[in-house]
Amino acid sequence: MASTFIIGRSGNQPFKITADSVSNEHARVTIDNNGVWTLEDLDSPNGTYIRNASGEFNQVYKKIISEDTVIRLGRGGHHGCIFTGHQLISTPGDYSYEFRNLKKALARQQADEAMMQAKSERNGWISKCSGMAAIAICALLGSIDGINIDPNTRYILIASAPIIVGLLFRNDKAAMAQLRQKRQKLIVCPKCGRPLSEFDVENMICPSCKAR
C-alpha cells in the first residue's frame, strides 16, 4: 500500500522534530505500491540532504532513496534533524535496525583499514629495501672499469635514489587518515549523530542519548 509522509515540525512522521532549521512542512517521502521510495524537498529555506558513501551530506531536491538512506533536514548539528528512512516505518524510538546496519558498516570499514595498513607496511618495506639496493647499484656502477661517472653525478644519483623509490612506494598515511575520518562520519548514532566506538556498536547503544 502506498504511503506519504510530510516531514517537518508539523509533519505526520512518527517522531517529533523540534530543530529550529527545520520547516513545518520541510520534505515529503512517498513509498509507492512497488516499494519505491522518493524524497522531495518542499522548497525549504535550509535544504534537504542525504548522506553519501563517504559520510558527506549532499543537498537534494527530488531523489529516489531507500529505507537505509540517512536524511538530514536543515543545517547540521542540533539545528537540524537526521534520521534514516526506516524510522518512518518503524516503532518510534527503536533503533535496532540501524544498529544492525552499523555493525555491517563497521565490519566493512575495519576490513578497508586493515587492507590499507597492510599495503602501507608492505610499501614501506619495499621502499627501504629498494632504496638501499639503488644506492648499492649506483656505487657499484662507479667502481666498474669502463663506466665513467664523475663524483658529483654519482653523489647526486646515490642521494636521489631513495627519494625517487620512496615516492614510487610511499607509505600512504594520508589515505589511512581519510579512512579514519570516514569512520568518524559513518559510524555515528542514528539518533543524535555522535561518533560511536566499536564497543558501542557491538552493544547496540549510544552512551550519549541512550538510543538502542
(Q) Which of the numbered conditions does Ser44 fail, given that it passes all the others? Conditions: (1) in contact with a helix residue (DSSP H, G or I) (Cβ under 8 Å, 6 or more places away or on another chain); (2) of a type in the set (Ser, Thr, Tyr); (3) surrounded by fewer than 20 Cβ atoms within 10 Å (Cβ to Cβ). (A) (1)
Q: Could you check Ser96 against (1) touching a Phe, Trp or Tyr at 6+ places or on another chain (Cβ under 9 Å); (2) more than 14 Å from Ile187 (Cα to Cα); (3) modelled with pLDDT of 95 or more; (4) of a type outside the set (A, V, I, L, M, F, W, C) and say which number it fails?
A: (1)
Q.
On the basis of being at pLDDT below 90, in a helix (DSSP H, G or I) and either closer than 30 Å to Phe99 by Cβ or among the charged types (D, E, K, R) (or both), does Gln184 make the cut?
A. no
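Considering region 45-70 alone, what residues qualify as being hydroxyl-bearing (Ser, Thr, Tyr) and either assigned by TED's automatic domain parsing to the domain that holds Ala177 or part of a loop (DSSP other than H, G, I, E, B) (or both)?
Passing the criteria: Ser54, Tyr61, Ser66, Thr69.
State whether the residues of region 63-80 include one that is hydroxyl-bearing (Ser, Thr, Tyr), touching a residue at least 12 places away in the same chain (Cβ under 8 Å) and closer than 25 Å to Arg183 by Cα. Talk me through it step by step, then tell me what you get.
Here is the first cut: in region 63-80, the residues hydroxyl-bearing (Ser, Thr, Tyr) are 66, 69.
Narrowing further to those that are touching a residue at least 12 places away in the same chain (Cβ under 8 Å): 66, 69.
Filter once more, so that each one left must be closer than 25 Å to Arg183 by Cα: 66, 69.
Yes, region 63-80 contains at least one residue that is hydroxyl-bearing (Ser, Thr, Tyr), touching a residue at least 12 places away in the same chain (Cβ under 8 Å) and closer than 25 Å to Arg183 by Cα.
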(Q) Please go through region 84-115 and give me each residue that is within 20 Å of Ser54 (Cα to Cα), surrounded by 13 or more Cβ atoms within 10 Å (Cβ to Cβ) and aliphatic (A, V, I, L, M), ordered by number. (A) Leu102, Ala105, Leu106
**Q.** Candidate set from region 159-178 (those that are surrounded by 17 or more Cβ atoms within 10 Å (Cβ to Cβ) and of a type in the set (A, V, I, L, M)); member that is modelled with the highest pLDDT
**A.** Ala161
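The values are calculated or read from the model by the stated rules, or taken from the named source; none is laboratory data. Quick caveat, the model's predicted, so the values are computed rather than measured. Every residue, glycine as well, gets a Cβ built from its backbone with ideal geometry; the counts of neighbours run over all protein chains shown.
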